Amino acid sequence: MIRRTNKLKVHAMAGKGYKIIELVGSSPDGWEEAVKQVVDTASTELTNMRIAEVMELDTRLEGGKIAEYRAKVRLSFKVEREPETL
């Protein structure tokens, strides 16, 4: 499962535009798999991804046991148009 948080930022650097979004991935197998799921899913929709920064890690519990590992990931990617049009 993946969900998008409501945060979206656009940065312009030296004539290049970058967007930063936050996504949350989950996996029953561990945090690394949760992060991989975010990147794999995002790569089907986004091009020119640059950095995936893990912001938070947590777990969902059921019956006193870990049911799901979750990772909030900040993902940046280059915007294809000029910053003035963002």
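So which residues in the stretch 20-35 are part of a helix (DSSP H, G or I) and under 14 Å from Lys72 (Cβ atoms), if there are any at all? Walk me through it before giving the result.
As a first pass, look at the stretch 20-35 and keep what is part of a helix (DSSP H, G or I): 31-35.
Of everything in the stretch 20-35, those that are part of a helix (DSSP H, G or I) and under 14 Å from Lys72 (Cβ atoms) turn out to be Trp31, Ala34, Val35.
How many of the residues making up the stretch 71-84 are assigned to a strand (DSSP E or B) and either under 11 Å from the mean Cα position of the chain (by Cα) or of a type outside the set (Lys, Arg) (or both)?
Residues of the stretch 71-84 assigned to a strand (DSSP E or B): 71-79.
From what's left, either under 11 Å from the mean Cα position of the chain (by Cα) or of a type outside the set (Lys, Arg) (or both): 71-77, 79.
Adding up the residues that qualify gives 8.
For the stretch 64-83: of the residues being crowded, with 16+ Cβ neighbours inside 10 Å and not small (Gly, Ala, Ser), which is modelled with the lowest pLDDT? Full working, then the answer.
Step one: list which residues in the stretch 64-83 are crowded, with 16+ Cβ neighbours inside 10 Å, which gives 69-77, 79.
Of the ones still in play, those that are also not small (Gly, Ala, Ser) are 69-70, 72-75, 77, 79.
Working: Tyr69: 98, Arg70: 97, Lys72: 97, Val73: 97, Arg74: 96, Leu75: 95, Phe77: 91, Val79: 83.
It comes out as Val79.
So which pairs qualify, if the first residue must be in the stretch 31-46 and free of Cβ contacts under 8 Å to residues at least 12 places away in the same chain, the second must be part of a helix (DSSP H, G or I) and of a type in the set (Val, Ile, Thr), the Cβ gap must be under 6 Å, and the two must be at least 6 apart or on different chains?
From the stretch 31-46, no pairs qualify.
If I filter the stretch 47-70 down to residues being over 11 Å from the mean Cα position of the chain (by Cα) and hydrophobic (A, V, I, L, M, F, W, C), which single residue comes out as nearest to Glu22 (Cα to Cα)?
Among residues in the stretch 47-70 that are over 11 Å from the mean Cα position of the chain (by Cα) and hydrophobic (A, V, I, L, M, F, W, C), the one nearest to Glu22 (Cα to Cα) is Leu57.
Looking only at residues that are surrounded by fewer than 17 Cβ atoms within 10 Å (Cβ to Cβ) and assigned to a helix (DSSP H, G or I) in the stretch 37-46, which one is nearest to the chain's Cα centre (by Cα)?
Taking the stretch 37-46 and keeping what is surrounded by fewer than 17 Cβ atoms within 10 Å (Cβ to Cβ), we get 39-41, 43-46.
Applying the additional criterion that residues be assigned to a helix (DSSP H, G or I) yields 39-41, 43.
Values: Val39: 7, Asp40: 10, Thr41: 9, Ser43: 10 Å.
Among those that are surrounded by fewer than 17 Cβ atoms within 10 Å (Cβ to Cβ) and assigned to a helix (DSSP H, G or I), it is Val39.
Among Tyr18, Tyr69, which is in contact with a Ser or Thr (Cβ under 6 Å, 6 or more places away or on another chain) and in contact (Cβ under 8 Å) with a residue 60 or more places away in the chain?
Values: Tyr69 fails: in contact (Cβ under 8 Å) with a residue 60 or more places away in the chain.
Exactly one of Tyr18, Tyr69 is in contact with a Ser or Thr (Cβ under 6 Å, 6 or more places away or on another chain) and in contact (Cβ under 8 Å) with a residue 60 or more places away in the chain, namely Tyr18.
The values are calculated or read from the model by the stated rules, or taken from the named source; none is laboratory data. These figures come from a predicted structure and were not determined experimentally. Please note: Cβ atoms are built from the backbone with ideal geometry, for glycine as well, and neighbour counts cover all protein chains shown.
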